[in-house]
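Below is one structure; the comments refer to it alone.
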Amino acid sequence: MSHAIREYSPADEIAWLRCRALSFLSTAYFDAVFNSKPQIPAPGFELVVADEHGAVTGIMDVTVDGELATIDTVAVHPDHQHQGIGRALLSEARARVSALGVPTLDAWTRDDPNTLRWYRATGFTESEHYLHVYANSYTDAGEPDRAIGERRPGLRPVMAFLHANLRDEQSMREQFARVHICRRFALEL
């Protein structure tokens, strides 16, 4: 089956959303679901990989801010993983970022072994870290209250998504069931 990289078009939105959701389903980002595709302003770019029938099998969005380009989304449909689609998208992104004269391409991700392995295998180096902490009443009724300092009248927290310092990892893991290390990977071009 052949695949071709092309620019994203608005007609791809539903396929983009499905590809991202299905790709993220078995990762720590399983609940990072969108109902519309975020816009990527120029000079950033949006890429899709389509098979010979036009079905979207991979996606990559890259934002550019000064001397830094960031991979906002990279996903390969689960039925098409391990076929080099992610690497092809990365190769195209590297070429585009280099053509813009931007020296660094980075990405932030969580602690999924396959994702970490992919970034490392493609030449990225890991640098910064912090925690993503989820406080969810469905996991433990007391988690949201432990996550906030003070309740507001008329509001009852049900879930909270928080950032925490890596030095507090042990304490966070003792208090909350879902804690991820968020990692920055960077590739100097």
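The values are calculated or read from the model by the stated rules, or taken from the named source; none is laboratory data. Note that the coordinates shown come from a computational prediction; the quantities given were computed from them, not determined experimentally. Neighbour counts are summed over all protein chains in view; Cβ atoms, including those assigned to glycine, are modelled from backbone coordinates with ideal geometry. Keep in mind that these areas ignore ligands, DNA and RNA; they rest on the heavy atoms of the full protein, side chains included. Shrake-Rupley method; radii C 1.70, N 1.55, O 1.52, S 1.80 Å.
Can you tell me how much longer the chain between residue 129 and residue 166 gets when fully stretched, taken as 0.36 nm per residue apart minus their C-alpha distance, in nm with one decimal?
Working: separation 37, 0.36 × 37 = 13.32 nm, distance 0.65 nm.
That pair, residue 129 and residue 166, stretches by 12.7 nm at full extension.
Would you mind working out the magnitude of the charge dipole of region 64-165 relative to its Cα centre, with +1 at each Lys and Arg C-beta and -1 at each Asp and Glu C-beta, to the nearest 20 Debye? Intermediate results must be reported in sequence, preceding the final value.
On the way: 10 positive and 14 negative charges, 22 e Å.
Here region 64-165 has a charge dipole of around 100 debye.
In percent, how large is the relative contact order of the chain, given Cα pairs closer than 8 Å and 6 or more residues apart?
Numbers: 327 pairs, mean separation 37.1, N = 189.
Here the relative contact order equals 20 percent.
Give the long-range amide H neighbours of residue 44: residues separated by 5 or more places, or on another chain, with amide H under 5 Å away, using H modelled in the peptide plane at 1.01 Å from N.
Under 5 Å from the amide H of residue 44: 64.
By per-residue mean of other Cβ atoms within 10 Å, what is the highest-first order of 32-42, 177-187, 154-164? Walk me through the numbers on the way to the answer.
On the way: 32-42: 10.5, 177-187: 17.8, 154-164: 12.2.
With the highest mean Cβ count within 10 Å placed first, the list reads 177-187, 154-164, 32-42.
Enter the Cα centre distance for the pair region 28-74 and region 95-148, rounded to the nearest angstrom.
Distance between centres, Cα-based: 15 Å.
When only C-alpha pairs under 8 Å and at least 6 residues apart count, what is the relative contact order of region 97-178, in percent?
Numbers: 69 pairs, mean separation 24.4, N = 82.
About 30 percent, as a whole number.
Run the 1.4 Å probe and let me know the accessible area of residue 168, rounded to the nearest 10 Å².
Near enough 60 Å² of accessible area.
Taking 37 °C and 0.692 mPa s as the conditions, I'd like the Stokes-Einstein D for region 44-136 in µm²/s, using the Kirkwood hydrodynamic radius from alpha carbon pairs. Don't skip to the end; give the middle numbers.
On the way: Rh = 14.4 Å.
It comes out at roughly 228 µm²/s.
About the Cα centre of the chain, how large is the charge dipole given +1 on each Lys and Arg Cβ and -1 on each Asp and Glu Cβ? Please answer in debye to the nearest 20. Could the numbers behind the result be given before it?
Numbers: 19 positive and 26 negative charges, 53 e Å.
Dipole size: approximately 260 debye.
How large is ³J(HN,Hα), in whole Hz, for each residue of region 104-117 in order, when computed from phi with the Karplus curve 6.51 cos²θ - 1.76 cosθ + 1.60 and θ = phi - 60°, using x for Gly and Pro?
9, 10, 10, 7, 10, 8, 9, 8, 8, x, 5, 5, 4, 4
Under a point spin-label approximation (7 Å from Cα along Cα-to-Cβ), what is the residue 18-residue 121 distance to one decimal in nm?
Each label point lies 7 Å from its Cα, and together they span 2.7 nm.
I'd like to know which of 25, 163, 39 lies farthest towards the positive end of the charge dipole of the chain, counting +1 on Cβ of Lys and Arg and -1 on Cβ of Asp and Glu.
Farthest towards the positive end: 163.
Rounded if a/c is under 1.5, else prolate if a/b beats b/c, else oblate: with a ≥ b ≥ c from the C-alpha gyration tensor eigenvalues square-rooted, which is region 1-68?
On the way: a/c = 1.75, a/b = 1.11, b/c = 1.57.
Verdict is oblate for region 1-68.
Please determine, in degrees from 0 to 90 and to the nearest 10, the orientation of helix 13-24 with respect to the longest principal axis defined by the Cα atoms of the chain, where the helix direction is its Cα long axis.
Compared with the principal axis, the helix lies near 60 degrees.
Given R₀ = 22 Å, what would the calculated FRET efficiency be for residue 150 paired with residue 35, taking r from the Cβ atoms and rounding to 0.05?
Details: r = 32 Å, r/R0 = 1.44.
Once rounded, the FRET efficiency stands at 0.10.
Return the label of the correct value of percent of Cα pairs over 28 Å apart, as calculated from the structure shown, out of (1) 30; (2) 33; (3) 22.
Working out percent of Cα pairs over 28 Å apart from the coordinates points to (2).
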